[in-house]
């Protein structure tokens, strides 16, 4: 169990990103806070971390370190693990439900996301084909999640300063189930070592 702790942490974070932009970097000079949030969500889901970085405040190291960690692990994780996560991402939709502009120079964007309920999905199947079939038939278990983004201007450009409410329910359990079902013992240990080495280098 301990040997898989880093792996479980990674999968939990990626699953959480279901609730959290495009392949080209745009000029953000005239973009509204809502557009910035939408592009960030699209960027994270499509693993376009270069764009995601440009949309986050330089002052929030936590978000930037999280994005760097995701970028690293998705580059070394086994394809069968990443493909399931990508498939879940492809079924995710977002809707901006509220926009507030307080008199403090910030913007508060509340988003409702419809995401696959991976805990229930994994109780039914671990097959990509069957998961796709569930989605096509309208029977894929889904759930709604809420998230809040707080933005501020930096050099006259809206940037994401804080994110709240983006963690997934039972993420650790789902992560452990994925690791057990999708990866061999050797694959799990290899990825776990890769993550540990990365984390140790960041600490040193």
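For region 88-110, which residues satisfy the criterion of being surrounded by 16 or more Cβ atoms within 10 Å (Cβ to Cβ) and within 14 Å of the chain's Cα centre (by Cα)?
Hits for region 88-110 are 88, 89, 91, 92, 94.
Of the residues that make up region 121-139, is at least one in a strand (DSSP E or B) and either surrounded by 18 or more Cβ atoms within 10 Å (Cβ to Cβ) or over 16 Å from the mean Cα position of the chain (by Cα) (or both)?
Within region 121-139, not a single residue is in a strand (DSSP E or B) and either surrounded by 18 or more Cβ atoms within 10 Å (Cβ to Cβ) or over 16 Å from the mean Cα position of the chain (by Cα) (or both).
Is there a residue in region 175-182 that is within 23 Å of residue 45 (Cβ to Cβ), in contact with a helix residue (DSSP H, G or I) (Cβ under 9 Å, 6 or more places away or on another chain), surrounded by 14 or more Cβ atoms within 10 Å (Cβ to Cβ) and modelled with pLDDT of 80 or more?
no
Can you tell me which residue within region 65-110, out of those that are within 28 Å of residue 185 (Cα to Cα) and part of a loop (DSSP other than H, G, I, E, B), is modelled with the highest pLDDT?
Checking each candidate, the answer is 78.
The values are calculated or read from the model by the stated rules, or taken from the named source; none is laboratory data. Keep in mind the model is a prediction, meaning the values are calculated, not measured. Cβ coordinates were reconstructed from backbone atoms using ideal geometry, including for glycine residues, and neighbour counts include every protein chain displayed.
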